[in-house]
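Novice: Before anything else, here's the structure in question.
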Amino acid sequence: MPNCLKCGAELPVNEEGMAPVLCDRCAGRASSRARRRLSAGAMLQFPATSLLIGINTAVFLGMILSSGSLTSFMGFSDQTLLRWGGNVGAYTLSGEYWRLVTAGFVHANPLHFAMNMWCLWRLGQLSERLFGSSVTLAIYVLTGVGGAMLSVGLNPLRSEVGASAAVFGIAGAILSGIKFGNVPLASIHKRQIFSSLIFFVIFNLSFGMLPGIDNMAHLGGLISGFLFGAPLAAAAASGKKLMEWGTIVLAILVLTAAGSRVVQAHGHVSQLRVGGYNIHDRNYPAAISVLQRAAASEPGDARAHFLLGLAYRGNGQPDNANMEFERAEQLDPDPNSIERKIQALFGGSG
């Protein structure tokens, strides 16, 4: 009777007198190890994608643990999304610009997280094959910012979270790279990938028209990815790291210029809104900080001085409060007018 080469157990012999090399238990262990090696190999082969999914996963688990309730599995509260770095228009445009980046790693619920990570794993691998790991990381961050910026730029009252803007950005970069860049692929493979991604984009943009889905973030990611994809593909194909980094820096400058225009259009009103939110939450020091900047940037706005007066009064600074109220009255003697303007401030976009 033959024996297992691993553990020495007796092995059964079939009708033809043949026996396996390993028993079922040892063979199962070997198969399990092989599967783990394949998984680890995929993660090592695509370090950028693995890193991005790892960060997203860590943030998602942290959100679950910090929420302190199993109800988080049905969806996180607005306060949790804000605390973990969601792109909440008023806060982002009032000076918390880092939210444009962090929002790409924050998810609203388990289904939102799972769908985005599946798409990121598939498209991220393809991006790393075409562009390399460092460029893929840059595409994720840059296009995520582009999507977040378009979202709050068109609607400053919007809240936006999730990796989907960056996923669309990766898709746009691949489309652009295949169409206009010098990617190392045969023509037939280019056509297959291009048609598959076109279907992905059309289907998901159509699905994104449902209520509660921020299609503007998707569109912003797609457009910025398409704009950056061809030059990044050319830079990656050149093999020159300096050209890659130069292209990335140029993309950052383009986004910065676009962002400054958005802040010019909505920054002051956003500061007033955040100041009002902080007054409502009785966080008077935070309200004073942001409203001081608002009053300094537009000293002729009676709303800024009136809200600053409320913040000073709540913070136990009556002299400063009276001074701001007097300034607001000088700018707009009709108190009902100021009240109507403040109500409109929190009821509409601007």
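Novice: TRP84 versus (1) more than 20 Å from ASN155 (Cα to Cα); (2) within 12 Å of the chain's Cα centre (by Cα); (3) in contact (Cβ under 8 Å) with a residue 40 or more places away in the chain: which is the lone unmet condition?
Specialist: Here TRP84 meets the rest and fails (3).
Novice: Could you list all residues from region 158-188 that are under 19 Å from GLY259 (Cβ atoms) and either at pLDDT below 90 or charged (D, E, K, R) (or both)?
Specialist: Scanning region 158-188 gives ARG158, GLU160.
Novice: I'm trying to understand the selection: among the residues of region 244-255, which are crowded, with 16+ Cβ neighbours inside 10 Å and free of Cβ contacts under 8 Å to residues at least 60 places away in the same chain? Walk me through it before giving the result.
Specialist: Filtering region 244-255 down to residues crowded, with 16+ Cβ neighbours inside 10 Å leaves 244, 247-248, 251, 255.
THR247, the sole residue that qualifies.
Novice: Could you give every pair whose Cβ atoms fall below 9 Å, whose first residue belongs to region 264-284 and is farther than 18 Å from ASP301 by Cβ, and whose second residue is among the small types (Gly, Ala, Ser) and surrounded by fewer than 24 Cβ atoms within 10 Å (Cβ to Cβ), counting only separations of at least 6 or pairs across chains?
Specialist: Sorted first by the residue in region 264-284, then by its partner, the pairs are ARG282/GLY314; TYR284/GLY314; TYR284/GLY316.
Novice: With the structure loaded, tell me whether THR80 is open to solvent by less than 80 Å² (accessible area, probe 1.4 Å) and at pLDDT 95 or above or whether it fails that test.
Specialist: Numbers: open to solvent by less than 80 Å² (accessible area, probe 1.4 Å): yes; at pLDDT 95 or above: no.
So THR80 fails the test.
Novice: Under 7 Å between Cβ atoms, at least 6 apart or on separate chains: pull out the pairs that start in region 326-340 with a residue that is at pLDDT below 90 and end on any residue that is among the basic types (Lys, Arg) and buried (at least 16 other Cβ atoms within 10 Å of the Cβ).
Specialist: Pairs found: ILE338/ARG303.
Novice: Which of the residues that make up region 179-204 are without any contact (Cβ under 8 Å) to a residue 24 or more places away in the chain and aliphatic (A, V, I, L, M)?
Specialist: First, pick out the residues of region 179-204 that are without any contact (Cβ under 8 Å) to a residue 24 or more places away in the chain: 186-192, 194-196, 198-199, 202-203.
Of everything in region 179-204, those that are without any contact (Cβ under 8 Å) to a residue 24 or more places away in the chain and aliphatic (A, V, I, L, M) turn out to be ALA186, ILE188, ILE198, ILE202.
Novice: May I pose another question? Quick one: is GLY275 surrounded by 21 or more Cβ atoms within 10 Å (Cβ to Cβ), of a type outside the set (Phe, Trp, Tyr), within 27 Å of the chain's Cα centre (by Cα) and under 22 Å from MET149 (Cα atoms)? Working first, answer last.
Specialist: Values: surrounded by 21 or more Cβ atoms within 10 Å (Cβ to Cβ): yes; of a type outside the set (Phe, Trp, Tyr): yes; within 27 Å of the chain's Cα centre (by Cα): yes; under 22 Å from MET149 (Cα atoms): yes.
For GLY275, the condition - surrounded by 21 or more Cβ atoms within 10 Å (Cβ to Cβ), of a type outside the set (Phe, Trp, Tyr), within 27 Å of the chain's Cα centre (by Cα) and under 22 Å from MET149 (Cα atoms) - is met.
Novice: Follow-up. What helices (runs of 4 or more DSSP H) completely inside region 97-208 contain at least 1 residues that are under 12 Å from the mean Cα position of the chain (by Cα), among the polar types (S, T, N, Q) and surrounded by 24 or more Cβ atoms within 10 Å (Cβ to Cβ)?
Specialist: Working: elements: 99-102, 110-131, 133-154, 164-180, 187-207.
Filter on region 97-208 gives 133-154, 164-180.
Novice: Can you find, within region 209-225, the residue that is farthest from SER164 (Cα to Cα) among those that are in contact with a helix residue (DSSP H, G or I) (Cβ under 9 Å, 6 or more places away or on another chain), hydrophobic (A, V, I, L, M, F, W, C) and not in a helix (DSSP H, G or I)?
Specialist: Step by step, filter region 209-225, then rank; the result is MET209.
Novice: Something else now. What is the number of the single condition among (1) closer than 24 Å to MET149 by Cα; (2) open to solvent by 20 Å² or more (accessible area, probe 1.4 Å); (3) not aliphatic (A, V, I, L, M) that PRO335 does not meet?
Specialist: Against the list (1) closer than 24 Å to MET149 by Cα; (2) open to solvent by 20 Å² or more (accessible area, probe 1.4 Å); (3) not aliphatic (A, V, I, L, M), PRO335 comes up short only on (1).
Novice: May I pose another question? Test of understanding: among ALA233, ALA265, ALA258, which residue is surrounded by 19 or more Cβ atoms within 10 Å (Cβ to Cβ) and hydrophobic (A, V, I, L, M, F, W, C)? I'd like the intermediate steps shown before the answer.
Specialist: On the way: ALA265 fails: surrounded by 19 or more Cβ atoms within 10 Å (Cβ to Cβ); ALA258 fails: surrounded by 19 or more Cβ atoms within 10 Å (Cβ to Cβ).
Criteria check complete, one pass: ALA233.
Novice: Something else about it: Mind listing whichever residues of region 95-113 are aliphatic (A, V, I, L, M) and at pLDDT 95 or above? Please lay out each step first, then the result.
Specialist: If we filter region 95-113 for residues that are aliphatic (A, V, I, L, M), which is where we start, we get 100-101, 103, 106, 108, 111.
Answer for region 95-113, where residues must be aliphatic (A, V, I, L, M) and at pLDDT 95 or above: LEU100, VAL101, ALA103, VAL106.
Novice: Assess whether SER187 counts as being small (Gly, Ala, Ser), in contact with a helix residue (DSSP H, G or I) (Cβ under 9 Å, 6 or more places away or on another chain) and farther than 20 Å from MET115 by Cα. Spell out the reasoning first.
Specialist: Working: small (Gly, Ala, Ser): yes; in contact with a helix residue (DSSP H, G or I) (Cβ under 9 Å, 6 or more places away or on another chain): no; farther than 20 Å from MET115 by Cα: yes.
Taking the combined requirement at face value, the residue does not satisfy it.
Novice: Take PHE228 and tell me if it is in a helix (DSSP H, G or I), touching a helix residue (DSSP H, G or I) at 6+ places or on another chain (Cβ under 7 Å) and modelled with pLDDT under 90.
Specialist: Considered against the rule, which asks whether it is in a helix (DSSP H, G or I), touching a helix residue (DSSP H, G or I) at 6+ places or on another chain (Cβ under 7 Å) and modelled with pLDDT under 90, PHE228 comes out as yes.
The values are calculated or read from the model by the stated rules, or taken from the named source; none is laboratory data. Since the model is a prediction, treat every value here as computed from it, not as a measurement. Heads up, the Cβs are rebuilt from the backbone with ideal geometry, glycines too, and the neighbour counts pull from every protein chain shown. When the accessible area is computed, the model is the full protein with side chains, heavy atoms only, and any ligands, DNA or RNA have been set aside. Shrake-Rupley method; radii C 1.70, N 1.55, O 1.52, S 1.80 Å.
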